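In what follows, a single structure is set out as structure tokens and then discussed.
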Amino acid sequence: GSVRLKTVSHPTSLKMSNTLVGNSLVEAPRIPALVVGTPVPRLYVYDHCPFCVRVRFIMGFKNIKHNVVFLANDDIETPTKLVGKKVVPILEIPSYGEVMKESMDIVKRIDEDPTFGPQLLKPASGRKDLSEWQDKHQDLFRLLQRPRYVSSGILPEFSQQAGRDAYVRNHALPPYAKEEWSDDKRLPRAMRYAKYAEALQQTPALLPAAAAAVQELGGMIASAQHCSEGGLSYDDVDLFGRLRSLTIVRGLPLPDTVRAYLESMAAAADVPLYDPIAH
Ligand SMILES: N[C@@H](CCC(=O)N[C@@H](CS)C(=O)NCC(=O)O)C(=O)O
């Protein structure tokens, strides 16, 4: 069918001379900041990383004072010194002598310890529709999102060429398999960049399928405050991270339920959407 482009309302975002400013100028109701020792916790992330958004989500909902440390995408030394390998997110709480990896383990640790305030999250529902939706559209979303993270020119993990190189090498575009993609003999660096550029140019052909995908998701979101029945849960921790990434795609018409959900989660989690840099 044809794709209907419609004007989406942005209840909590600001529009200024047609430029969407995002949600950072809108004050969300927030409990007073919890300060956990000194120096304050450090959360090491890449901005685009959906696993990292999971941890930012719980830190935001609980308003735990911390510094977000954006690592360059090619920085191996910093994460390796902290947790023995190159991975993010990493949460370091110096006053507790704790260094944690694995996003959901960190979220659970922070949510279940009363030191960090009352528990907020219900267990994961195990809903199959959400995971199937994600799997079904993964390739399409990767084609749209991956080149944009790099070409935005503003994500801190990509502020230097070496960071962009590391990402492009490590993140194959469909239909390439990982091993083939990162093998310089089979696909030289310049070719990988050319494929990223090509994917951007393919956008008009990809948008209708992406619009249909998010339309499908519209019916799966219970409310703006939680995606599954029964309240805020680990489903939201996972889904918000993934959906936030989609907001980097300009011209993707989101159903009102999805848009309202994204805005309410972004405000409560204190993690901005990508609207201002969507392209
Ligand atoms: N299971 C881990 C997965 C984290 C993960 O895959 N992070 C990616 C960034 S999105 C990463 O650090 N990959 C290694 C790399 O980029 O070299 C978690 O949930 O924390």
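So here's what we get for this one:
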{"read-out": "FRET E, pair ASP183, VAL69, Förster distance 25 Å, beta-carbon r, rounded to 0.05", "value": "0.20"}
{"read-out": "Accessible area per residue, Å², region 120-224 with all protein chains present, probe 1.4 Å", "value": "52 Å²"}
{"read-out": "Placed amide H near LEU34: partners under 5 Å, 5+ positions off or other chain", "value": "ILE64, LYS65"}
{"read-out": "Karplus-derived HN-Hα couplings along region 155-162 (A = 6.51, B = -1.76, C = 1.60, θ = phi - 60°), whole Hz, x at Gly and Pro", "value": "6, x, 5, 10, 5, 10, 3, 4"}
{"read-out": "Between region 235-279 and region 115-149, the Cα center-to-center distance that results, in Å", "value": "12 Å"}
{"read-out": "Whole-Å distance, taken between Cα centres, linking region 46-67 and region 196-216", "value": "28 Å"}
{"read-out": "Residue among TYR234, ALA72, ALA124 farthest towards the positive dipole end of the chain, charges placed on Cβ", "value": "ALA72"}
{"read-out": "Solvent-accessible area per residue, Å², over region 42-116 with all protein chains present [probe radius 1.4 Å]", "value": "41 Å²"}
{"read-out": "Dipole-positive endmost among ALA224, ALA190, ALA213 within region 136-230 (Cβ charges, Cα centre)", "value": "ALA190"}
{"read-out": "Residue-wise HN-Hα coupling along region 35-51, computed from phi with Karplus coefficients 6.51, -1.76, 1.60 (Hz; x: Gly, Pro)", "value": "9, 10, x, 9, x, 5, x, 10, 10, 8, 8, 9, 4, 6, 6, x, 5"}
{"read-out": "Additional length obtainable on full extension of the chain from HIS279 to LEU140, 0.36 nm per residue less Cα span", "value": "48.4 nm"}
{"read-out": "Of all accessible heavy-atom area on the chain, the percent that carbon and sulfur account for (1.4 Å)", "value": "54 percent"}
{"read-out": "Mean Cα-pair separation over length for the chain, i.e. relative contact order, pairs under 8 Å, 6 or more apart, %", "value": "26 percent"}
{"read-out": "Computed over the chain, the ratio Rg/Rh where both radii use C-alpha atoms and Rh is Kirkwood", "value": "0.96"}
{"read-out": "Three-way shape call for region 124-277 based on the alpha-carbon gyration tensor, with the a/c threshold at 1.5", "value": "prolate"}
{"read-out": "Calculated from backbone phi, Karplus (6.51, -1.76, 1.60) coupling profile of region 53-59 in Hz, x at Gly/Pro", "value": "4, 4, 6, 4, 4, 6, 5"}
{"read-out": "Amide H within-cut-off set for VAL68, under 5 Å, with H built and near neighbours excluded", "value": "LEU43"}
{"read-out": "Length released on extending from ALA33 to LYS108, taking residue separation times 0.36 nm less the Cα-Cα span", "value": "25.1 nm"}
{"read-out": "Cross-link partners of LYS185 among lysines (Cα-Cα below 22 Å; sequence separation of 8 or more within a chain)", "value": "LYS195"}
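The values are calculated or read from the model by the stated rules, or taken from the named source; none is laboratory data. This one's a predicted model, so the numbers in the text were calculated from it and none came from an experiment. Ideal geometry is used to build each Cβ from the backbone, glycine not excepted, and the neighbour counts take in all protein chains shown. These accessible areas exclude ligands, DNA and RNA; they are computed on the full protein's heavy atoms, side chains included. Shrake-Rupley method; radii C 1.70, N 1.55, O 1.52, S 1.80 Å.
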